[in-house]
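The next block holds one structure in the form of structure tokens; read it before the comments.
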Amino acid sequence: MDNGQHEHLLPVNQQPQLEEQQSMGCSILTIIGFMFLTFNSAMAVYRSERDLPTISFVVFSYVDLLLLFYCLRLFEKTPPESPRRHHIKTAVWLLTTMLTAVFSYKVAAIMPFPVQLLVWGMAAATVVGGFYAFFLHSEEQKH
């Protein structure tokens, strides 16, 4: 929901607060969410008992998510006619693809072989579907 469309519903004394919050770019819920993500990631590293593959997985996932949210924020702020928007969309797709691959690898590692095939098939469908939705489908609508 676009808050700008419903700004008239707020009392006059709260409208400047809404504009200030929108210009800051972060809501209190976003900050709490990132604090929660950071705390849980730190606890996962702490409980990993210095297991390098586990630490690598947690750190990679954390950094990937931070970059993904940053790129999504950039994408929202970039004007639709900007050529930069396509580059950001590519970065978003690559980050989601990497996250899908890493999580699929972790899940498939603990599953029996037939379920591993299903996990990797679903991951592939997600990646291909994301590519279609991000790049091919949006291009078809322009023509």
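Descriptive notes on the structure:
- R0 of 35 Å, Cβ-Cβ distance Ile110-Glu76: FRET efficiency to nearest 0.05: 0.45
- For the stretch 26-142: rounded, prolate or oblate by the Cα gyration tensor [a/c cutoff 1.5]: oblate
- Sites His87 and Ala44 - FRET efficiency at Förster radius 25 Å, r taken between beta-carbons, to 0.05: 0.20
A short reminder: the numbers here are calculations on the coordinates, not readings from a lab. These numbers come from a predicted model, not from an experiment. Cβ coordinates were reconstructed from backbone atoms using ideal geometry, including for glycine residues, and neighbour counts include every protein chain displayed.
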